[in-house]
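Since every read-out is calculated from the coordinates, none of them should be taken as a lab result. For clarity, every value in this text was computed on a predicted model and none was experimentally measured. Positions of Cβ are backbone-derived with ideal geometry, glycine not excepted, and every protein chain shown enters the neighbour counts.
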Amino acid sequence: MDMFLPLMSFAFVSSITPGPNNIMLTSSGIWFGFQRSVPHMLGITFGFGVLLALCAFGIGALVIAVPGLTFILKLLGSAYLLYLAWQLRDMHVAGGAGAAARPMSFWGAAAFQFANPKAWVMAITGASAFMPMLHNRPVWLAILLYCFIFCAINLPCVSVWAGAGAVLRRYLDQPLWRTVFAATMVLLTLYSALAIWF
């Protein structure tokens, strides 16, 4: 149990802190409500679990070793966040969202993890720090335990952000506050897109 406590702490801190996934889930909770954001949440945890497994197998080290791959990941991640900021600029809480808007799908959220630099940092750091602690087990079992523990903590953490958005939805009936909040979310999303490069 001693070896799992540091992993659980790392998984909690890295999953609960702000990042592209959590900002997107807060927005989704506001525009679409908690229930319609569930596929988005599950997709994040599933995609991140796959990424964790790949990094535990050593793929993360390959990505770090090839600067071109890192650049492509940053480019894809920031491009998607800029697109998201553009979509958020004129969304309104009244009626849920614009007519063409819909929550991110399970598979869309899962795929986004491979363009999310924070997810890569979490997965690579976690694998390098905690996989050696599980060295006395078969490799497949060590990876399974590592991914299961991380994902079991990740899902409730990201759900908190969607839940917070759903709660905020109730207080954003006034056009002024909707505008202020939408502008804040756009700015945070733009900041996340720029932070990828630093």
Could you derive backbone 3J(HN,Hα) for the range 137-143 from the dihedral phi with the Karplus parameters 6.51, -1.76 and 1.60 (θ = phi - 60°), listing whole Hz in sequence and x where the residue is Gly or Pro?
10, x, 4, 4, 6, 4, 5
Cα convex hull of the range 15-58: how many Å³ per residue?
64 Å³
Could you go through the range 110-121 in sequence order and give the Karplus-derived ³J(HN,Hα) for each residue, using 6.51 cos²θ - 1.76 cosθ + 1.60 with θ = phi - 60°, rounded to whole Hz, and x for Gly and Pro?
5, 5, 4, 4, 7, 10, 9, x, 4, 5, 5, 4
At a threshold of 8 angstrom on Cα-Cα distance, excluding pairs fewer than six apart, so keeping six or more, what relative contact order does the chain reach in percent?
45 percent
If we count other beta carbons within 10 Å of each Cβ, what is the order of Ile30, Ile23, fewest first?
Ile23, Ile30
For each of Thr70, Thr17, count neighbouring Cβ atoms within 10 Å of the residue's Cβ, then give the residues from fewest to most.
Thr17, Thr70
From the C-alpha gyration tensor of the chain, square roots of 5λ in Å
32, 18, 13
If one compares the long axis through the Cα atoms of helix 20-32 with the longest principal axis of the Cα atoms of the chain, the angle in degrees, nearest 10, works out at 40 degrees
